[in-house]
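Written out below as C-alpha cells is the structure these notes cover.
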Amino acid sequence: MRNYYMVRAKNSNTEAFDIFFKNNVVAVGWSRVDFSKELDSKKLRKKVLDEYYQKDQKQSLISKKLNEVERFKNLKKGDFIVVPYYSYIAIAEVEDKEIYFEKGTNPDIDLANQRAVTYRYKDDEPLIISRNDLSEGLQRRLRVRGNTVSNLYEFKDEIEEIFNRPSYSYSKKIQEIEQIELEKLKKGLLENIQKGKSNLQTGGIGLENLVCEIMQCEGYESKILAKNKFQGKADADILAIKEDSFMSKKIFVQVKHHNGESGSYGIQQLIDVLKQKEYEEYDGYFITSGFVSYETRKIASENNIDVMDGGELVQLIIDNLDKLSKGTKRSLGICSIPTII
C-alpha cells in the first residue's frame, strides 16, 4: 500500500532546496545519528532519543520529533512525497536508496539523513504547483509550523490526482516571475522592518502589535501583556491562547525588534517565565526581526522554546497578507494593487 507524506526542507531556503532538487533527495536532520546504518525504526528512535533529547524536556515535544524520525525511516519505494516550496509544492516518488550526506552535518544545514526520490518534472525543471491550486484542507496542513515529516494519507485522493495530472501547475514563465517578485517582496519587507523604514510604532511596540495581530490571524486569542506582569528578569510580550474541544494551546511570546543578531537574552526571559509553577502548561516562542545563531537556537531547543527569525517572520507575514488589516499592511509599506505580469 502506498503512503503519502510531507517532507519539509529545513529553514526552507535556497541552500536546502538545492540539496533536495539537485540531488533528487528529501532530507532531515538529526545528523549526529546515521539513519542508513540502522534497519529497525524503533532502535533508530532510541538512538535519536539518547543523542538529542533529555528526560527533563517536554515529553509531548520529544514524542512528536521521534515520530517524525520513524516516519522518515519507514519511507518505502513508491510512496508519494509533497515538498513545500515557498508558495508552491514539488512532488516526488520515493526510491530505495538511503544516503548519509557528510556535507549536510554542518549544524546550519543539518540535512545529512537523506532518501533518494524521483521528482516529477515539466520542461526539464521540477514540476512546481501553486498551493492555491490545492484544497483548503491540504493548504492548511502544509502550513502547520514545526512539522518536518507529516502523514498526508487523508489527502491521498487529491495527491494521486496531482501526480497524475501535470496540468495542475501554472506555466513555468509565470512561476518564475512570481517567485522573483516574491523574493523581492520578502527582502524589501525584512529590510524595512529591521532598519526602521516601516511605519510601525517605535520602541519595539509596533512589532509586538504586528505579531499579536498575526497570532489572531492564525486563530489565537492574543493580547499584549503589561510590562510589569512578571518579576525580575522574567518577561514575555504576548499571551496567545487557542482552545477548542480537541486541544488547548497556551503560548508566551517574546518579541525583539533587532537589526542584526539576536542573542539568548530574550530566550532566558521566557525560561524564567516558564519555570514558574503557575505556567507549567504554557509553551514559549521567541520571535525576532534579526537573525539567530545555531548556538542560540540550541539553547532555545534545550528549553523547549521555539524560535522564529526575521526571514521566517516575513514569510509568516506574507502567508497572512489576506487577513492582516489594511492599516497594518500600509504601516509595513505593502501596496495591494493588483499587477499584470
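The values are calculated or read from the model by the stated rules, or taken from the named source; none is laboratory data. Quantities reported herein were computed from a predicted structural model and do not represent experimental measurements. Here Cβ is always computed from backbone atoms with ideal geometry, including for glycine, and neighbour counts include all displayed protein chains. Only protein heavy atoms, including side chains, enter the accessible area calculation; ligands, DNA and RNA are left aside. Shrake-Rupley method; radii C 1.70, N 1.55, O 1.52, S 1.80 Å.
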Check: With each label point set 7 Å from Cα along the Cα-Cβ vector, what nm distance links ASN24 and SER248?
Finding: 5.1 nm
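Considering only DSSP beta bridges whose two residues both sit in the range 168-316, what percent are antiparallel, to the nearest 5? Numbers along the way, then the final one.
Numbers: 10 of 21 bridges.
Here the share of antiparallel DSSP bridges comes out near 50 percent.
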Item checked: Average accessible area per residue (Å²) across the chain - probe 1.4 Å, nucleic acids and ligands excluded -> 53 Å²
Next item on the list: In whole Hz, with x marking every Gly and Pro, tabulate ³J(HN,Hα) for the range 209-218 from phi via Karplus 6.51 cos²θ - 1.76 cosθ + 1.60, θ = phi - 60°.
Entry: 5, 4, 4, 4, 5, 4, 4, 5, 4, 7
Checklist line | Phi to ³J(HN,Hα) by Karplus 6.51 cos²θ - 1.76 cosθ + 1.60 over the range 124-137, Hz, x for Gly, Pro | finding: 6, 10, x, 5, 10, 10, 5, 4, 5, 8, 9, 5, 4, x
Note to self: Check which residues have an amide H placed less than 5 Å from LYS256's amide H, if you skip close sequence neighbours.
What the structure shows: ILE287, THR288, SER289
Notebook entry, point to check: Among 275-282, 306-313, what's the highest-first ranking by average C-beta atoms within 10 angstrom per residue?
Noted result: 306-313, 275-282
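Share of antiparallel DSSP beta bridges in the chain, in percent to the nearest 5?
Details: 34 of 48 bridges.
Antiparallel bridges: around 70 percent, rounded to the nearest 5.
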Notebook entry, point to check: From the phi of every residue in the range 89-103, what ³J(HN,Hα) in whole Hz does the Karplus formula 6.51 cos²θ - 1.76 cosθ + 1.60 yield, where θ is phi - 60° and glycine or proline is x?
Noted result: 9, 10, 10, 8, 10, 6, 10, 6, 6, 9, 9, 10, 9, 4, 5
Note to self: Once you place label points 7 Å from the Cα toward the Cβ at ARG2 and ARG143, how far apart are they in nm?
What the structure shows: 2.8 nm
Note to self: For a Förster distance of 25 Å, can you work out the FRET efficiency between the beta-carbons of ASP40 and SER63, rounded to the nearest 0.05?
What the structure shows: 0.85
Notebook entry, point to check: Which of SER245, SER150, SER222 moves the most in a Gaussian network model of the chain with Cα springs under 10 Å?
Noted result: SER245
Next item on the list: Determine the alpha carbon to alpha carbon distance for each of LYS223/LYS298; LYS42/LYS64; LYS47/LYS250; LYS22/LYS186 and list only those over 26 Å.
Entry: LYS223/LYS298; LYS47/LYS250
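Return the carbon/sulfur percentage of the accessible area of the range 229-341, one whole number, probe 1.4 Å, all protein chains in place.
Numbers: 2940 of 6040 Å².
Percent of accessible area from carbon and sulfur atoms in the range 229-341: 49.
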Margin query: Just to be sure I understand the model, the point goes 7 Å from the Cα along the line to the Cβ. What's the resulting LYS223 to GLU15 distance in nm?
Written below: 4.2 nm
Notebook entry, point to check: Using Cα pairs under 8 angstrom and six or more residues apart, how large is the relative contact order of the chain, in percent?
Noted result: 14 percent
Notebook entry, point to check: To the nearest 500 deg cm²/dmol, what mean residue ellipticity at 222 nm is calculated for the chain from DSSP H runs of n ≥ 4 alone, each contributing -39,500 (n - 2.57), summed and divided by the residues?
Noted result: -11000 deg cm²/dmol
Margin query: Apply the a/c threshold of 1.5 to the C-alpha gyration tensor of the chain and tell me whether it is rounded, prolate or oblate.
Written below: oblate
Checklist line | Apportionment of accessible area to carbon and sulfur, the range 1-146, percent (1.4 Å) | finding: 47 percent
Notebook entry, point to check: Gain in length, GLU281 to ILE241, computed as 0.36 nm per residue apart minus the alpha-carbon separation, to one decimal in nm?
Noted result: 13.2 nm
